[in-house]
């Protein structure tokens with residue numbers, strides 16, 4: 001196989017998705033499976049759909065179009081507020097979009113009328129994280145405007161927390177969201193059937209017995225893909241953290257001093273961290289760099305350490321391992337590393353382990369079929 005490559009264990013992905021769908025269903029909450037970190041990979045979307053997610057979501061209309069072109073059917077949600085210039089594409093390929101601006105709603109309405117295709121919208125409310133969202137005091141006005149637009153169907157109310165400022169979902173802000181839904185229904189005489197409470201950061205609150213209220217949908221990406229919750233990056237009990245692995249090839253393996261010599265200034269990416277003199281040690285370079293992945297988000301095999309990185313090189317201390325040119329090294333990834341690697345044109349994607357192998361929280365995948 002070529003390198004660098006991302007190996008995706010589809011059976012482990014299926015296990016994580018099914019586990020979370022079942023756990024949330026017990027609280028009356030559905031899952032929108034988010035595939036943006038995988039560049040809208042059709043195989044990933046199909047696994048999530050078979051696992052029971054209610055919809056597939058992505059932040060880029062280009063990825064949703066890719067999924068449609070690959071024959072992926074079912075509800076699709078654009079989870080970033082649409083760009084006005086892409087309104088026609090959003091209506092053509094997405095069934096639902098998350099919105100905060102009246103002007104964007106107007107453009108979506110125009111496109112929906114022209115295409116004869118009604119478009120669902122969720123109005124996003126600002127509850128403290130200070131990324132996207134309508135201020136609660138302005139919500140009735142925006143909702144009333146949306147209700148008056150031809151071709152637009154007001155499907156729901158939602159919010160997003162933890163992504164920008166790290167504000168944790170809790171009973172206070174989730175109750176506020178539920179109260180806003182009740183107030184809106186009462187004042188406008190409507191029924192709101194979708195209340196999107198947030199993302200994977202909501203899991204600690206929800207699975208910890210939080211007051212669900214009107215929340216009936218969560219948008220889950222990192223928890224399904226990596227088995228972790230975003231607030232502290234802790235492992236979610238029972239889930240797999242090894243769905244994705246990035247494999248890189250050794251291009252140099254030599255013994256070298258641990259300290260540079262000469263007049264030292266900044267490196268290619270800023271100041272170089274202080275280094276200790278450890279004498280002459282093995283030093284390995286793999287063909288993987290910042291154009292391919294976020295090096296800070298990589299975990300090397302046990303006993304190895306990442307020394308540094310540049311655009312195209314990742315330097316390793318191999319410890320006691322004996323690595324030669326042409327050998328491969330496999331790394332685990334966090335969300336940032338996964339996002340960059342899956343969007344790099346230099347990193348291949350290899351789908352392994354067909355769904356249905358019965359992989360659980362401690363079992364390993366067994367297949368090696370490339371798709």
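The strands (runs of 3 or more DSSP E) found entirely in segment 294-366 that carry 1 or more residues being at pLDDT 95 or above, under 30 Å from residue 60 (Cβ atoms) and under 21 Å from the mean Cα position of the chain (by Cα) are 328-333, 348-352. Filtering segment 45-63 to residues that are without any contact (Cβ under 8 Å) to a residue 40 or more places away in the chain and under 14 Å from the mean Cα position of the chain (by Cα) leaves 45, 56, 58, 59, 60, 63.
Scanning segment 10-44 for residues that are closer than 16 Å to residue 353 by Cα and either buried (at least 22 other Cβ atoms within 10 Å of the Cβ) or free of Cβ contacts under 8 Å to residues at least 12 places away in the same chain (or both) turns up 10, 11, 12, 13, 14, 15, 16, 17, 44. Given 140, 169, which one is buried (at least 16 other Cβ atoms within 10 Å of the Cβ) and either closer than 23 Å to residue 215 by Cα or not assigned by TED's automatic domain parsing to the domain that holds residue 204 (or both)? Just a single option satisfies the conditions, and that option is 169.
Exactly one residue among 303, 270, 238, 262 is surrounded by fewer than 16 Cβ atoms within 10 Å (Cβ to Cβ), touching a helix residue (DSSP H, G or I) at 6+ places or on another chain (Cβ under 8 Å) and at positive phi, and that residue is 238.
The values are calculated or read from the model by the stated rules, or taken from the named source; none is laboratory data. Please read these numbers as outputs of a predicted model, since none were measured by experiment. For neighbour counting, all protein chains shown are included, and Cβ atoms are generated from backbone atoms with ideal geometry for every residue, glycine included.
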